[in-house]
1. Within segment 25-43, can you find the residues that are surrounded by fewer than 20 Cβ atoms within 10 Å (Cβ to Cβ), more than 13 Å from Ile139 (Cβ to Cβ) and in contact (Cβ under 8 Å) with a residue 12 or more places away in the chain?
2. Within segment 98-122, restricting attention to residues that are aliphatic (A, V, I, L, M) and either modelled with pLDDT under 95 or out of contact with any strand residue (DSSP E or B) (no Cβ under 8 Å at 6 or more places or on another chain) (or both), which residue is nearest to His156 (Cα to Cα)?
3. Here are some residues: Lys178, Lys118. Which one is in a helix (DSSP H, G or I) and closer than 18 Å to Val19 by Cα?
4. Among (1) over 22 Å from Leu143 (Cβ atoms); (2) in a loop (DSSP other than H, G, I, E, B); (3) modelled with pLDDT of 95 or more, where does Leu125 come up short?
5. Picking from Lys102, Lys81, which residue would you name as being farther than 14 Å from Ala42 by Cα and in a helix (DSSP H, G or I)?
6. Within segment 85-97, can you find the residues that are free of Cβ contacts under 8 Å to residues at least 60 places away in the same chain and either out of contact with any strand residue (DSSP E or B) (no Cβ under 8 Å at 6 or more places or on another chain) or outside any helix (DSSP H, G or I) (or both)?
7. Say we look at segment 134-166 and pick out the residues that are touching a His at 6+ places or on another chain (Cβ under 9 Å) and part of a helix (DSSP H, G or I); which of these is surrounded by the fewest Cβ atoms within 10 Å (Cβ to Cβ)?
Amino acid sequence: MSETIKWLSKEEYNHFISVIDNKRDSVMFQLMYFYGLRRVEASWLKAGSLDLENRFESKLRIKAAKNGVSGMYALLPSISKMLLDYVEEFEIEDDSPLFRSKKGGHLSPTQIGRIFKKYAIKAGLKPELQHVHVLRHSIAIHLANAGRTAEEVQMHLRHKDIGSTMKYYRITDERRDKVQINMLNSLQLRLNN
């Protein structure tokens, strides 16, 4: 039996982000969504993981969990600016955790999960959507629904095995409908009434 994937609609994601009243948390959850970060991957990030020298060619070094593909990943200019502003405002040094706890160390994966749940409840998300991994599932579904190939999503999520990515391509009626219409339109046949 296949795993049931839970994800946020784009509207639910936007509402979730809008209720966050802490800059660290807002930056962290936006980065986790856009780059499909697991909570442990977010907890491992240091300011030195960022290459923000050139805002238009900035990169993020992600140490992948679960035997995934680690490496440098291109940052959107808007995310690069958000991260640069955040690092400067909080005076985060290269060897310091990017997302610090109140005591100054790394936020633990458990802490990240608790913080996410607090905002998920505040946003009124259903209980089954109150787990931080929903952000990773959401970006995968949103990319698949936008027509990105399985190979592109595999690379973005740092999956070694394409099988791990394919679960996102069996999910939504929206994707099925788009594929079906595009497939039939590609025949370029006329209908006679």
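The values are calculated or read from the model by the stated rules, or taken from the named source; none is laboratory data. These numbers come from a predicted model, not from an experiment. So basically every Cβ, Gly included, is an ideal-geometry build from the backbone, and we count neighbours across all protein chains shown.
1. Of everything in segment 25-43, those that are surrounded by fewer than 20 Cβ atoms within 10 Å (Cβ to Cβ), more than 13 Å from Ile139 (Cβ to Cβ) and in contact (Cβ under 8 Å) with a residue 12 or more places away in the chain turn out to be Asp25, Val40.
2. The residue in question is Ile112.
3. Lys118
4. (1)
5. Exactly one residue qualifies, and that residue is Lys81.
6. Taking segment 85-97 first, the residues free of Cβ contacts under 8 Å to residues at least 60 places away in the same chain are 85, 87-88, 91-97.
Matches in segment 85-97: Asp85, Glu88, Glu91, Ile92, Glu93, Asp94, Asp95, Ser96, Pro97.
7. Leu143
Conditions (1) under 16 Å from Tyr13 (Cβ atoms); (2) in contact with a helix residue (DSSP H, G or I) (Cβ under 8 Å, 6 or more places away or on another chain), marked per residue:
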{"residue": "Pro109", "(1), (2)": "no, yes"}
{"residue": "Leu125", "(1), (2)": "yes, yes"}
{"residue": "Glu128", "(1), (2)": "yes, no"}
{"residue": "His131", "(1), (2)": "yes, yes"}
